[in-house]
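J.: Below is a structure I'd like to ask you about.
The numbers here are math on the coordinates, done by the rules we state, and not lab data. Fair warning: this is a prediction, and the values are worked out from it, not measured in the lab. Ideal geometry is used to build each Cβ from the backbone, glycine not excepted, and the neighbour counts take in all protein chains shown.
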Amino acid sequence: MGYIMVKEIFLDEQYTDAEMYNRLNTEVNVNEIHTIIREDTDCYNIHGELLFRFRKKKLSSGEIDDYYDAIYSFTNSNPSCNRGTANGDKIKSIHTNKKVYSSIMGYYDKFSPKLKYFFTKMKVKPLIGLLECRFTREYPEKMLKAIPLLTSIHNLYEELVPDKFTLQNQKAHETEFTIGNTCFTTATTNINFQTRVHLDKGDCPEGFGNLAVIERGTYNGGETCLPQYGVGVDVRQGDILFVDVHKHHGNLPVYDTSEGYKRMSVVAYLRNDVWKHSKGQKLNIVLSKLANFEEKRKLFYQNGKVAT
Ligand SMILES: [Fe+2]
């Protein structure tokens, strides 16, 4: 049986943690990225900690196309204004933040500004800090089309980063609020979103991040970078990147774009607070309570008030 060696690289820090803290919310600069990875690679820091594992052409085009078809129009018609530092806005306000094309599926634990407004007006709140994402609730058949790609990412996670996977998967088994049988509660889809330097928050601290990209049209650039280590990964359609998203990361700009090009990025994760709030809860019971709540919310927006 053959054994294929994967390229291994060990990188030193070119900025301290304190320097990186000051870089939060700034753009990744092409001059600070000395290495761009385009082939199967395992990357560690000089302490031997895994920074990322990258594998080319691991995801099937059928699952990729199904995912794209399921989520594209929803994401593109729902610009999100609430992405914190990933798009460079320090002040969270629905009025001033730049719109980015971003959507979530699965389950969530934070309420949107619009929903908070409803709570204040109605003096209500769901009993439990959990929400079913609108895409999952309103488009169940599209949700089913998105699950196979996320299941493949789950399987690759188990194969490529088994220690972190096991810790996350144990948590996933303690909640019914997962996407299919994966260890993910939530998946974020972004379109043409050049993230600034940021740290992921809200995901499972014991876990590892992942990223898949779906392309339409052509472009260059857009690499996912760890500027502290001067490295970027050119994640292309079909590739999978498992990366330490608790290290500062962000994207380089894209260039040479064809008209109407799309770079859709897919990130699936376990939201720690979804796990915390849903442990021991029955999914169907919580969903029926939320549905009742959602009904009230719809009436509120239709009539400006709710009959009690
Ligand atoms: Fe991120």
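J.: Simple spin-label model, 7 Å along Cα-to-Cβ: LYS123 to ARG38 in nm?
T.: Result: 6.4 nm between the two label points.
J.: Which length gain, in nm to one decimal place, applies between SER77 and GLU206 when the Cα-Cα distance is subtracted from 0.36 nm times their residue separation?
T.: Difference between extended and current length: 43.1 nm.
J.: Under a 5 Å amide H to amide H cut-off, with H placed in plane at 1.01 Å, what residues pair with THR26 once short-range neighbours are removed?
T.: Placed amide hydrogens put VAL197 under 5 Å from THR26.
J.: Please give the charge dipole size of the chain, origin at the Cα centre, charges +1 on K and R Cβ atoms and -1 on D and E Cβ atoms. Round to the nearest 20 debye.
T.: Using only the charged Cβ atoms, the result is roughly 1960 debye.
J.: Using r as the Cβ-Cβ distance of ALA291 and ASN155, and R0 as 35 Å, what FRET efficiency do you calculate, to the nearest 0.05?
T.: Efficiency at R0 = 35 Å is approximately 0.65.
J.: Work from the charge dipole of the chain (Cβ charges, +1 for Lys and Arg, -1 for Asp and Glu, about the Cα centre) and give the residue of ILE128, PHE165, CYS225 farthest towards its positive end.
T.: Of the options given, the answer is ILE128.
J.: Once you put a point 7 Å from the Cα of ASP256 and another 7 Å from the Cα of ASP273, both along the Cβ direction, what distance in nm separates them?
T.: The answer from the label model is 4.2 nm.
J.: Also, I was wondering about something else. Grab the DSSP H runs of the chain that are 4 residues or longer, score each as -39,500 (n - 2.57), total them, divide by all residues and round the 222 nm result to the nearest 500 deg cm²/dmol.
T.: -10000 deg cm²/dmol
J.: Further question on the same structure: Would you work out which of HIS34, PRO253, TYR107 lies farthest towards the positive end of the dipole of the range 7-303? Charges go on Cβ: Lys and Arg +1, Asp and Glu -1.
T.: Of the candidates, TYR107 comes out farthest on the positive side.
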